Amino acid sequence: MICEYNMSIQTDRFFVFLRLYTLSILLSTRLAAYRTCKCYLHEFTSGRGPPFYSMTTDDFSFVERADAPAKNCGTEGEPTEFFTTELGRSVLGQAEIVLCSPEFTPALAKQVDLVFTSPPFPLNRKKRYGNKQGSEYIDWLTSFAPLFRQILKPHGSIVLELGNAWEPGRPVMSTLALKALLSFLQTGEFLLCQQLVWYNPARLPSPAQWVNVERIRLKDAYTHLWWMALTDRPHADNRQVLTEYSGSMKKLLERKSYNTGKRPSEHNIGRKSFLTDNSGAIPSNLITLANTQSSSDYLNYCRTRNLQPHPARMPIALAEFFIKFLTKPGGLVLDPFAGSNTTGAAAEKLERRWLSIEPNESYLEGSLGRFDEAKISANFQH
Ligand SMILES: C[S@@+](CC[C@H](N)C(=O)[O-])C[C@H]1O[C@@H](n2cnc3c(N)ncnc32)[C@H](O)[C@@H]1O
């Protein structure tokens, strides 16, 4: 009994010691972060533009990154305008540098209707454009949250496309993208409006080892689209993205009668339910689009100029869907990780203004193939 009592005192002491130790480490980290934030805010408030909307110590990683020299930008980190159209600007540089530059930060504050983007995925093997891995990826993606918060209109939206990732050499999925998303949401204090899924039926079977060779997993054929906003009711109108009615719905509208009564789901279907012709069906949160663009103008443009086509471009219909759903004509759409500038091209087509950022010059050159040559004023040398 005494022995047990002594043990419990010792255990209690150990935990008190552990708590004090953890507290002191926490305090010193917070103090360091606070000092850096304060310096950074001072720089921002003294001439370089407005302070970030809600800069907390958790934004520390962003502060470090924003001040870090650009590795991949055009001229020593200075954003370079690559080409413009009447509606848009394509900028060569890293998003963290461009969006923090004195040219862009004040001009973009509360101006953006939609951030639509597919950030570099947290791949386990590095892609041509150099993806980050592990906690470095989480910190990097999270670092954009305060920045996007600052540039978003109060009723604007953010849509991040994030694919699935796998643990290296194992038939086990990585939770990294989910962790990065949660960290991004929390840091930006964004609300999750809806999760959508883009299903690509034309996707090649992967991961090949587990799907094709060992046959122990199923084909990975979708990506997540996380729609976030600052408010419960960002601008959105599903009437702008109606899809064609199914054959049976068309017949029903002709017949003008419906099988009434209670359904197993407990929904009570009235005589007139579903008989109004709304010119199309409301789409679900599962967007099915095959990514088969082998004969597109973009690929032809790249081929004829000997440019490497972007390895991870999305179908233009995906960008069009979100732009129509979440913005009005004339609105401003930002793609900070533009790649082949699918988003900019979709915005241009739908008469929205756009700003696209990409650090890889060759992807930018290829992206010109998505635009009408007559509408482009280019700043670069072939
Ligand atoms: C998944 S791809 C985007 C593909 C694009 N949605 C399309 O349809 O072509 C991500 C892009 O982010 C770019 N990228 C990587 N780091 C970046 C950074 N720090 N700032 C801006 N873009 C970056 C990569 O070069 C790559 O082209």
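None of the figures in this text is laboratory data; all of them are computed from the coordinates on show. Just so it is clear, the model here is predicted, and its values are computed rather than measured. Glycine gets a Cβ as well: all are built from the backbone with ideal geometry, and neighbour counts include every protein chain shown.
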So which residues in the range 315-363 are of a type in the set (A, V, I, L, M), under 13 Å from S118 (Cα atoms) and surrounded by fewer than 24 Cβ atoms within 10 Å (Cβ to Cβ), if there are any at all? I316
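Table: residues versus (1) closer than 23 Å to A290 by Cα; (2) assigned to a strand (DSSP E or B).
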site: R149; (1), (2): no, no
site: P154; (1), (2): no, yes
site: V159; (1), (2): yes, yes
site: N164; (1), (2): yes, no
site: G169; (1), (2): no, no
site: Q195; (1), (2): yes, yes
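With respect to S157, is the statement that it is under 23 Å from T343 (Cα atoms), hydroxyl-bearing (S, T, Y) and buried (at least 19 other Cβ atoms within 10 Å of the Cβ) true?
Answer is yes for this residue.
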